[in-house]
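Notes for the one structure printed next.
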Amino acid sequence: MPVTLPPAGSARRRLIAASCALLGATAARAQQPADSTKPVASGTSVSNAASVPAPVEDATPTVDRPWILDSAIAYYRENDGRVSSVEPVISAHHDFGDERLLDVSASFDVLSGGSPNGAIPSRQPQTFVTPSGIALKSPAGNPITYTNTSGKTTSALYKFSPYTVPAGTLPVDDSLHGHRIGLTGNYQRPLSQDSRLSYGGSVVDQSDLFSIGANGKYSRDFFEQNTTVSAGVNGQLESVKPTGGTPLPGTDYLLFQKLKSKSNHDFGALLGVHQVISRRWWSEFDLAIDKQLGYLNDPYDIISIANSAGSISDYVFERRPDDRSRRSAFLENRYALDRGMVDVSLRHTSDSWGVNSNTAEVRFRYWNPQRDRYLEPSFRWYKQSAADFYTPFLTNATAPIAGYASSDQRLSAFHALTFGVKYGVKLDDDREFSVRVEEYRQTSDNRQTPPGVLQGLDLYPGINAIFVQFGWRFAE
Amino acid sequence: MASPCELLVESDRPEEARELGALAAAECARIERKFSRYRDDSVLAAIHAAAGRPFEVDPETAQLLDFAAECHALSGGLFDITSGVLRRAWTFDGSARVPDAAAVAALLPLVGFHRLRWRNPVLELPAGMEIDFGGIGKEYAVDRVYDAVAMRCRRPFLVNFGGDLRANAAPKSGAWRVGIERPGAERVASKLLELEHGALATSGDTRRYLEKDGVRYGHILDPRDGWPVRGAPQSVTVAASSCTEAGLLATLALLQGPGARAFLDAEGVRYWVID
């Protein structure tokens, strides 16, 4: 019997529309193009079928694919009333199906307290001016005059609050207040059955810094998804605008010669292999290189100039090379236990400034028999060598200095231990609460003996810090 | 639903599984009660009792009637919810009781969706005619139960009503393994499919047929002449986003007889056919 049918393909489209109307589906689902449905895979036996990575049938994303939201508030505090910060973070993760994943996160960081200004303790009280002064909107402050690089003298209204540090104590600038907003986003999509592309971007806005970054990564699976090879690139542009101006590197602190805002950029590449070794064990190895170019100074770091008797005669702004190349290698192994896991990672980095570092970290996670509570102790060991131009102080030098020099503690030789423990409570499949406490102890490995009367002072006090984070994870 | 109905939930909490099972059973029972042609308190019984007078139906029934109207239109009249009266002549019990041509022909005036008047929400069904949602009811029930469970459960689950099924997500083991039975060899899977999420529906005479003089009469009847469609594959399985859509595609394919594969190819559907 002859049958009159609509044109090829249209029966299905009409059916999709009709089923959606019947099942009360949303308009978005009805608009799914017919050819976007991917089939299930078939096989003739269990073992054969199991080896076929099954592509999935398009399904409605509304009910069965929740957003997973991670929120946390972190509190960080250094000893001796130094820097403390409170940082709320919220991140969201969404699986659109078909291996399409979106991750976005936002953080807001409020910084307060003081930070070492780079000068060393002295036998005399030392008086400093807040690094660059804080520009005022009202005329309440005192006028300050500064000279720019071309010798032009300008007058402006600044509140410059001097602060005095008692003899024998590490100079810490207490005026450090600031906020930092960070946003990142990352999207992953499949390119074929066994390859994926992910790309993302980031923005950081801080009172004295603005940066934008972008990254892209290609991953491909081999050997039935047991091996994944990834290659990626990333880039970042950063604009540095220290409050009150950018000091000219190497110049006299008191002259405060300023530059306009400066910038730097950063390009990197990464190659990684992720290998599933057994049902319980996977391993990851990454190699990364990275090049930074531009203004890389810490605009607030100053270096004490001491004479041979040990009295401080002057301070200069630090001066760093304007390029830095870094290389790093990372190895991580994770092994699943019956009720937990163990994760061991090692990292080695080296750079053209002479800062070489090694990190070793071990984490254990133990679940209770009901698997609704876990305890995760962790331990991290870190050691780095000093940058070639690191110096805690200069002797018999005069400003402006010719070579590179920095007294930034972060470029000095030190080692650090971090002890941590995390406790997590899983309320149900969709909700998890956690609290993490870490203690960080940094010890200086600097052995440089200061001249004259400076001997006997604790020039390298190290850092003790505590970090507490409350996390709340839920599906929406 | 006249077939085994199951809900598989991947959960280590028995009470959760029981709760979802009860929810699924309740929704399934509601649909069966409402649309069964075997019950005298169903909506269908009320429609038939109206015997030609205008009858205002509830919104859910109206949606099903709209859907049936669209399926009738897009299949060129092959899919017809009024064809149930043909069962008076046909009983598919595996026997050789093929009816008289005259008995079949006598029923044809009572068959044809074009003979009823459907203006949502009012239906006028000529006296003697019957409607029957059997061709879509099971798949519709799978989708409804799926929606009900999905509202309450984010774990991987699979709703399976006699081989028409729908899953929300892959279980931890990677995929739901679904076997398609070879006709005549019940419980022996002739094909094994892997389903992560989405729906599969199978239509065919795997279980319901007549056989006389070496001719197998499948239970898919052509409403235009009242006889089983000839030359159709024994079974067609289709993958789609919803079970309703998959089931209709499988049924429409069978109604094409020998043209089943060509139809499925033209529609760009993922399918598995057993001849």
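The values are calculated or read from the model by the stated rules, or taken from the named source; none is laboratory data. Keep in mind that what you see is a predicted model, and the values were worked out from it rather than measured. Cβ sites come from the backbone with ideal geometry, for glycine too, and all protein chains shown count toward neighbours.
Going by what's in this entry, would B:Ala141 be described as assigned to a helix (DSSP H, G or I) and buried (at least 20 other Cβ atoms within 10 Å of the Cβ)?
yes
Can you tell me which condition B:Ser95 does not meet? The list is (1) more than 23 Å from B:Asp164 (Cβ to Cβ); (2) more than 14 Å from chain A (Cβ to nearest Cβ); (3) at pLDDT 85 or above, and all the others hold.
(3)
Out of all the residues in segment A:283-291, is one or more over 18 Å from the mean Cα position of the chain (by Cα) and free of Cβ contacts under 8 Å to residues at least 40 places away in the same chain?
No, the conditions are met nowhere in segment A:283-291.
Does segment B:5-21 contain any residue that is surrounded by 13 or more Cβ atoms within 10 Å (Cβ to Cβ) and under 16 Å from the mean Cα position of the chain (by Cα)?
Scanning segment B:5-21 turns up at least one residue that is surrounded by 13 or more Cβ atoms within 10 Å (Cβ to Cβ) and under 16 Å from the mean Cα position of the chain (by Cα).
Quick check, is A:Tyr300 of a type in the set (Phe, Trp, Tyr) and in contact with a His (Cβ under 8 Å, 6 or more places away or on another chain)?
So A:Tyr300 does not fit the description; no.
For segment B:253-274, give me the residue count where each residue is assigned to a strand (DSSP E or B) and facing another protein chain (nearest Cβ under 9 Å).
Looking only at that region, the number is 3.
Could you tell me which of the residues A:Ser407, A:Ser378 is among the small types (Gly, Ala, Ser) and at pLDDT 95 or above?
Answer to the check: A:Ser378.
Can you tell me how many residues in segment A:263-308 are part of a strand (DSSP E or B), of a type in the set (A, V, I, L, M, F, W, C) and surrounded by fewer than 16 Cβ atoms within 10 Å (Cβ to Cβ)?
Count: 10.
So A:Val355 passes all but one of these: (1) out of contact with any helix residue (DSSP H, G or I) (no Cβ under 9 Å at 6 or more places or on another chain); (2) free of Cβ contacts under 8 Å to residues at least 60 places away in the same chain; (3) buried (at least 17 other Cβ atoms within 10 Å of the Cβ). Which condition number does it fail?
Among (1) out of contact with any helix residue (DSSP H, G or I) (no Cβ under 9 Å at 6 or more places or on another chain); (2) free of Cβ contacts under 8 Å to residues at least 60 places away in the same chain; (3) buried (at least 17 other Cβ atoms within 10 Å of the Cβ), A:Val355 violates only (1).
Please enumerate the residues belonging to segment A:207-248 that are part of a loop (DSSP other than H, G, I, E, B) and within 30 Å of A:Gly272 (Cβ to Cβ).
If the condition is that a residue be part of a loop (DSSP other than H, G, I, E, B) and within 30 Å of A:Gly272 (Cβ to Cβ), then A:Phe223, A:Glu224, A:Gln225, A:Asn226 are the ones that fit.
Could you please give the count of residues in segment A:373-419 that are within 14 Å of A:Asp351 (Cβ to Cβ), among the charged types (D, E, K, R) and not in a loop (DSSP other than H, G, I, E, B)?
Adding up the residues that qualify gives 1.
Please verify whether A:Asp98 is closer than 24 Å to A:Gly216 by Cα, at pLDDT below 80 and more than 16 Å from the chain's Cα centre (by Cα), treating the condition exactly as stated.
Spelling it out, A:Asp98 is indeed closer than 24 Å to A:Gly216 by Cα, at pLDDT below 80 and more than 16 Å from the chain's Cα centre (by Cα).
Collect the residues in segment A:404-433 that are loosely packed, with under 14 Cβ neighbours inside 10 Å and closer than 20 Å to A:Tyr253 by Cβ, keeping them in residue-number order.
Within segment A:404-433, just A:Arg410 meets the criteria.
I'd like the full set of residues that are over 20 Å from A:Ser219 (Cβ atoms) and modelled with pLDDT of 95 or more, limited to segment A:282-295.
A:Lys291, A:Gln292, A:Leu293
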